[in-house]
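Q: Below you will find the structure I want to go over with you.
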Amino acid sequence: MPTVDLDHITIAYDVYDADDVHDANLDAETIVLICGCGAPAVGWFGIIPPLTAAGYRVVTFDNRGVAPSSSPPAPYSVADLVADTLGLCDRLDIVRATFVGHSMGGWVAETITIEHPDRVRAAAFLGSCNVATAWEKAITTVERDLARLDCDLPPLFYATETLRYLPNSELQQDAVVDDWLTLIGDVPVWPNPGRLGQYEACLAWSLDSTRTRAWPSIRVPCLVMAFEHDIDSPPSRAREAAASIPGARYVEIPDASHLAPFTHPVAVADALIDFLASGSSPRHP
């Protein structure tokens with residue numbers, strides 16, 4: 001992967017050109033995909049082909065704390081991740097783009113949309129836009145505290161942490177669980193300081209009770225995407241958030257959980273493409 005050096009940090013990225021470049025202004029047709037906590041950029045593999053086939057240039061990258069990007073000392077903040085994202089865009093000469101973020105990446109996209117609207121053509125928040133739930137705050141505190149302890153836990157523990165995001169109906173199916181464990185059961189443990197750094201950023205965001213007050217100020221086209229069985233960003237909370245963002249579109253992916261970008265990539269990509277093709281504009285009071 002190519003890399004860029006930004007203010008004491010290295011970010012690894014990839015650029016996927018559109019299959020059919022139909023607009024000379026590539027900035028207006030660029031989609032920047034922003035990963036969730038601990039997620040590698042390769043996790044977008046199922047979503048990239050539909051987007052490039054639809055004529056979009058796609059940029060992916062690994063957030064600070066996930067290799068091969070560098071892992072500076074913890075803690076990190078969403079503001080740090082915003083600076084990394086925009087710094088990468090500057091190095092790639094991307095003036096305006098559509099920012100699509102999943103989970104923690106959605107918080108980055110949301111902040112860019114609020115604080116740097118001139119850089120945003122449109123934005124999509126996937127499994128991320130909601131008032132924090134009691135579950136989200138509790139489990140993120142546990143994850144942060146485990147990262148602080150920096151103790152040796154078996155890889156299977158981290159695999160089951162990921163599996164908890166599947167719908168309960170799937171967790172009751174041995175074949176589904178066995179397939180996932182075959183895939184991720186022996187993945188190396190995510191090391192510090194990246195692990196602690198990202199969890200600190202997530203916990204600070206979840207505990208911030210004032211951040212949602214900025215939603216009504218958003219004036220760029222936004223998509224709030226929820227997943228039917230998501231326990232971190234429940235559809236009911238996502239619908240409430242979408243109602244607070246002027247002109248926002250709400251879409252819910254059925255039968256999906258928080259892992260929808262990985263388990264339901266075609267449905268997620270189709271919803272993104274439909275949103276961007278609609279040319280919808282935000283509602284102004």
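Q: In square nanometres and to one decimal, what's the mean projected area of the convex hull around the Cα atoms of the stretch 91-186?
A: Here the figure is 9.2 nm², rounded to one decimal.
Q: Let's test the formula: R0 of 35 Å, r as the Cβ-Cβ distance of V95 and A53. What FRET efficiency results, to the nearest 0.05?
A: Efficiency, from the Cβ-Cβ distance: 0.90.
Q: Moving on. Could you tell me what percent of the accessible area of the chain is made up of carbon and sulfur, with a 1.4 Å probe and every protein chain present? Spell out each step's value before the answer.
A: Working: 6790 of 12290 Å².
The nonpolar share, carbon plus sulfur, comes to 55 percent.
Q: Just check the stretch 202-285 against the gyration tensor rule for me: Cα atoms, a ≥ b ≥ c as the square roots of the eigenvalues, rounded for a/c under 1.5, and otherwise prolate or oblate depending on whether a/b exceeds b/c.
A: Because a/c hits 1.5 or more and a/b fails to exceed b/c, the stretch 202-285 counts as oblate.
Q: Beta carbons within 10 angstrom, averaged per residue: use that to sort the peptides 149-159, 126-136, 5-15, 90-100, highest first.
A: Averaged packing, sorted descending, gives the order 126-136, 90-100, 5-15, 149-159.
Q: A further question follows. Looking at the square roots a ≥ b ≥ c of the eigenvalues of the Cα gyration tensor of the chain, which shape do they give, rounded for a/c under 1.5, prolate if a/b is larger than b/c, or oblate?
A: Verdict is rounded for the chain.
Q: Run lengths n ≥ 4 of DSSP H only: what is the helix-derived mean residue ellipticity at 222 nm for the chain, with -39500 (n - 2.57) per run over all residues, to the nearest 500?
A: -12000 deg cm²/dmol
Q: Toward the positive end of the charge dipole of the chain, about the Cα centre and with charges on Cβ (Lys, Arg +1; Asp, Glu -1), which of A204, H229, G55 goes farthest?
A: Comparing the listed Cα positions along the dipole, A204 ranks first.
Q: Among 49-57, 67-75, what's the highest-first ranking by average C-beta atoms within 10 angstrom per residue?
A: So the peptides 49-57, 67-75, ranked by packing, come out 49-57, 67-75.
Q: Label the stretch 137-285 by shape, choosing from rounded, prolate and oblate, from the square roots a ≥ b ≥ c of the eigenvalues of the Cα gyration tensor; if a/c is under 1.5 it is rounded, and otherwise prolate applies when a/b is larger than b/c, oblate when it is not. Mind showing how you got there, number by number?
A: Working: a/c = 2.51, a/b = 1.46, b/c = 1.72.
Verdict is oblate for the stretch 137-285.
Q: Further question: Return the equivalent ellipsoid semi-axes of the stretch 1-118 as a descending list in whole Å, where each equals the square root of 5 times an eigenvalue of the C-alpha gyration tensor.
A: 22, 15, 13
Q: Sticking with this one: Can you find, among N168, L156, I218, the residue sitting farthest towards the positive end of the charge dipole of the stretch 151-285, where Lys and Arg contribute +1 and Asp and Glu -1 at Cβ?
A: I218
Q: Okay, next question. May I ask you to order 168-176, 201-209 by the average number of other C-beta atoms within 10 Å around their residues, highest value first?
A: 201-209, 168-176
Q: Using the Cα centre as the reference, give the magnitude of the dipole from point charges on the C-beta atoms of the stretch 79-182 (Lys, Arg: +1; Asp, Glu: -1; all else neutral), rounded to the nearest 20 debye.
A: Rounded to the nearest 20 debye, it is 400 debye.
Q: A further question on this structure: Take the alpha carbon atoms of the stretch 96-167, find their center, do the same for the stretch 184-207, and report the distance between the two centers in whole angstrom.
A: Here the two parts' Cα centres lie 10 Å apart.
Q: Could I ask something else about it? Mind checking which of A138, G87, F125 is farthest towards the positive end of the stretch 81-138's charge dipole, using Cβ charges of +1 (Lys, Arg) and -1 (Asp, Glu) about the Cα centre?
A: F125
Q: Quick one: if you stick a label point 7 Å off each Cα along the C-beta vector at E115 and A214, how many nm between them?
A: Distance between label points: 0.6 nm.
Q: Dipole size in debye (nearest 20) for the stretch 9-98 around its Cα centre, Lys and Arg Cβ +1, Asp and Glu Cβ -1? Let's see the in-between values first.
A: Values: 4 positive and 12 negative charges, 66 e Å.
Here the size comes out at about 320 debye.
Q: Next up: How big is the dipole moment of the chain about its Cα centre under a simple scheme where the beta carbon of each Lys and Arg is +1, that of each Asp and Glu is -1, and everything else is neutral? Debye, nearest 20, please.
A: Around 960 debye, computed over the chain.
The values are calculated or read from the model by the stated rules, or taken from the named source; none is laboratory data. As the structure is a prediction and not an experimental result, all values here were calculated from the model. Neighbour counts are summed over all protein chains in view; Cβ atoms, including those assigned to glycine, are modelled from backbone coordinates with ideal geometry. To get the accessible areas, we keep the full protein, side chains included, count just its heavy atoms, and leave off ligands, DNA and RNA. Shrake-Rupley method; radii C 1.70, N 1.55, O 1.52, S 1.80 Å.
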